[in-house]
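Peer 1: My questions all concern the structure below.
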Amino acid sequence: MQGKQKTKRYAAMKRMISLKDQRIKETDRAKAKEKKKKDPSQLKEREVTKYPSCLFFQYNTQLGPPYHILVDTNFINFSIKAKLDIVQSMMDCLYAKCIPYITDCVMAEIEKLGMKYRVALRIAKDPRFERLPCTHKGTYADDCLVQRVTQHKCYILATVDRDLKRRVRKIPGVPIMYISNHRYNIERMPDDYGAPRF
């Protein structure tokens, strides 16, 4: 009979002495952490999330004509598919003047899509669209839009992206514009808080 072959154990580690072991010199030994005694008379600090003064419960008082609408990349692409003029359709939806805003991140995202989406790029460079400069690192548009909407409650977010919609729904007082049945619809506008959510 042949001798048994030794197989190497998967993810086997060498055993190491812990730094608190008695066999290590006192100078090299890890020092035990000293526990701070809690003063019972000291005031307890608690961090409470600050809500902006523009919100009256879920009602956002900063929203009003002219509406400021943050536009996402896929919103422009789906508008082209549905053959909708963005500014005109926004006005038809809200019955007021609308100013579409495009951040640098969204612009960069459209430029990365290449020649196939050159119509979207031409629409995004329309003079009616306001440009918002980005100061953060990276060009991930979703995080940028969520951050802007959280900081400034004056925007309506126009998107078709499900994940982004889900993230924005958690932020109070931010309406969402989306496309359905070849027209723009709005979700969570101050006038219809009692209405069912789509």
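Peer 1: Is it the case, given these coordinates, that L43 is at pLDDT 85 or above, open to solvent by 20 Å² or more (accessible area, probe 1.4 Å) and assigned to a loop (DSSP other than H, G, I, E, B)? Please lay out each step first, then the result.
Peer 2: Details: at pLDDT 85 or above: no; open to solvent by 20 Å² or more (accessible area, probe 1.4 Å): yes; assigned to a loop (DSSP other than H, G, I, E, B): yes.
Considered against the rule, which asks whether it is at pLDDT 85 or above, open to solvent by 20 Å² or more (accessible area, probe 1.4 Å) and assigned to a loop (DSSP other than H, G, I, E, B), L43 comes out as no.
Peer 1: Considering only residues that are open to solvent by 10 Å² or more (accessible area, probe 1.4 Å) and among the β-branched types (V, I, T), look in the range 152-185 and name the one that is modelled with the lowest pLDDT.
Peer 2: Here the residue is I171.
Peer 1: Would you mind telling me which numbered condition in (1) open to solvent by 70 Å² or more (accessible area, probe 1.4 Å); (2) in contact with a Pro (Cβ under 6 Å, 6 or more places away or on another chain) A96 fails?
Peer 2: Tallying (1) open to solvent by 70 Å² or more (accessible area, probe 1.4 Å); (2) in contact with a Pro (Cβ under 6 Å, 6 or more places away or on another chain), A96 fails exactly one: (1).
Peer 1: Take the residues of the range 130-147 that are of a type outside the set (A, V, I, L, M) and either within 16 Å of N74 (Cβ to Cβ) or in contact with a His (Cβ under 7 Å, 6 or more places away or on another chain) (or both): which is least open to solvent (accessible area, probe 1.4 Å)? First the steps, then the outcome.
Peer 2: Taking the range 130-147 first, the residues of a type outside the set (A, V, I, L, M) are 130-131, 133-140, 142-144, 147.
So of that shortlist, the ones also either within 16 Å of N74 (Cβ to Cβ) or in contact with a His (Cβ under 7 Å, 6 or more places away or on another chain) (or both) come out as 139-140, 142-144.
Values: T139: 61, Y140: 125, D142: 19, D143: 73, C144: 3 Å².
Restricting to residues being of a type outside the set (A, V, I, L, M) and either within 16 Å of N74 (Cβ to Cβ) or in contact with a His (Cβ under 7 Å, 6 or more places away or on another chain) (or both), the top hit is C144.
Peer 1: Could you tell me whether the range 101-118 includes any residue that is modelled with pLDDT of 95 or more and small (G, A, S)?
Peer 2: no
Peer 1: Looking at I76, I123, I110 in this structure, which one is more than 27 Å from K170 (Cβ to Cβ), in a helix (DSSP H, G or I), of a type outside the set (D, E, K, R) and touching a residue at least 12 places away in the same chain (Cβ under 8 Å)? Walk me through how you get there before you give the answer.
Peer 2: Values: I76 fails: more than 27 Å from K170 (Cβ to Cβ); I110 fails: more than 27 Å from K170 (Cβ to Cβ).
Only one candidate passes the filter, namely I123.
The values are calculated or read from the model by the stated rules, or taken from the named source; none is laboratory data. These numbers come from a predicted model, not from an experiment. FYI the Cβ positions are ideal-geometry reconstructions off the backbone, even for glycines, and counts take in every protein chain you see. Heads up: the accessible areas ignore ligands, DNA and RNA and are worked out on the full protein's heavy atoms, side chains in. Shrake-Rupley method; radii C 1.70, N 1.55, O 1.52, S 1.80 Å.
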